[in-house]
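> This is the structure I want to talk about, given as structure tokens.
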Amino acid sequence: MIRYYEIYLRSLGLDRERDGDFFREIADLYDRDEVQGLSVYRQHGDIDRLRHILSVTYMSWRVAKAVGANEKQTARGAVLHDLFYYDWHDKSWSHRPHAYRHPGFALDNAKKLTDLTPVEADIIKKHMWPVTPMLPRYRESWIVSMADKYCATQECLAEWFPKYNARIMRDRAKAVASAGV
């Protein structure tokens, strides 16, 4: 059984040493300046885009492993799914409507950063389904799309409901104390 909430909590306290298997899968992309620079953009609430990407990537990687999907391609696509360089909260018309257009911006930027497999490209292009009309083609794409929605929901709930945010922080602290997460 996949425990999404526990995976999400774990994603909030990832450690390169303890979670070395995960970080080895993504280091070639995640450690790039173009990706690390995403920390300056707010994503949902107090969560920056890099933090969001890390949670989505970790959840996607764990789910892919659990269901026998290609975890490397899943993780690589997840790292790149929100690779765009603007604050989508700004009122600028240059990137509106954001929800429809940013997957294309991210795909263009990802192609400049690395060679993509068809699976990785599909993950990036279709992660906003059903907002965008194209169905994900691969199960890895479905995994990232669902993980993105799950993590975004957690981030928004934490922003909108202070008691929920306190619960996440309390549960995270308990997980660290009891399991060394």
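The values are calculated or read from the model by the stated rules, or taken from the named source; none is laboratory data. In this text, all values refer to a predicted model and were calculated from it rather than measured experimentally. As a convention, Cβ positions derive from the backbone with ideal geometry for all residues, glycine included, and neighbour counts pool all protein chains shown.
> Name the one entry in Ala99, Ala78 that is on the phi < 0 side of the Ramachandran plot and modelled with pLDDT under 65.
Ala99
> Could you check segment 19-48 and list, in sequence order, the residues that are of a type in the set (D, E, K, R), under 25 Å from Arg137 (Cβ atoms) and within 14 Å of the chain's Cα centre (by Cα)?
Matches in segment 19-48: none.
> Right, another one. List the number of the failed condition for Ala69; all other conditions in (1) touching a helix residue (DSSP H, G or I) at 6+ places or on another chain (Cβ under 8 Å); (2) modelled with pLDDT of 95 or more; (3) not in a loop (DSSP other than H, G, I, E, B) hold.
Going through the list (1) touching a helix residue (DSSP H, G or I) at 6+ places or on another chain (Cβ under 8 Å); (2) modelled with pLDDT of 95 or more; (3) not in a loop (DSSP other than H, G, I, E, B), Ala69 breaks only (3).
> Looking at segment 136-163, which of its residues are in contact with a helix residue (DSSP H, G or I) (Cβ under 7 Å, 6 or more places away or on another chain) and in a loop (DSSP other than H, G, I, E, B)?
Within segment 136-163, Pro136, Arg137, Tyr138 qualify.
> Considering only residues of segment 21-52 that are part of a helix (DSSP H, G or I) and modelled with pLDDT under 90, which is surrounded by the most Cβ atoms within 10 Å (Cβ to Cβ)?
Across segment 21-52, the extreme among qualifying residues is Arg49.
> For Ala106, only one of the following conditions fails: (1) surrounded by 14 or more Cβ atoms within 10 Å (Cβ to Cβ); (2) at pLDDT below 85. What is its number?
(2)
> Under the condition of being within 15 Å of the chain's Cα centre (by Cα) and among the acidic types (Asp, Glu), which residue from segment 123-163 is surrounded by the most Cβ atoms within 10 Å (Cβ to Cβ)?
In this case the residue turns out to be Glu140.
> Here is a follow-up. Using the structure shown, decide if Gly68 is over 23 Å from Lys111 (Cα atoms) and either in contact with an Asp or Glu (Cβ under 8 Å, 6 or more places away or on another chain) or surrounded by fewer than 18 Cβ atoms within 10 Å (Cβ to Cβ) (or both).
yes
> Give the residues of segment 1-20 that are surrounded by fewer than 14 Cβ atoms within 10 Å (Cβ to Cβ), part of a helix (DSSP H, G or I) and in contact with a helix residue (DSSP H, G or I) (Cβ under 9 Å, 6 or more places away or on another chain), sorted by residue number.
Tyr5
> Would you confirm, using the coordinates I've provided, whether Asp90 is closer than 21 Å to Arg24 by Cα, at pLDDT below 95 and not in a helix (DSSP H, G or I)?
So Asp90 does not fit the description; no.
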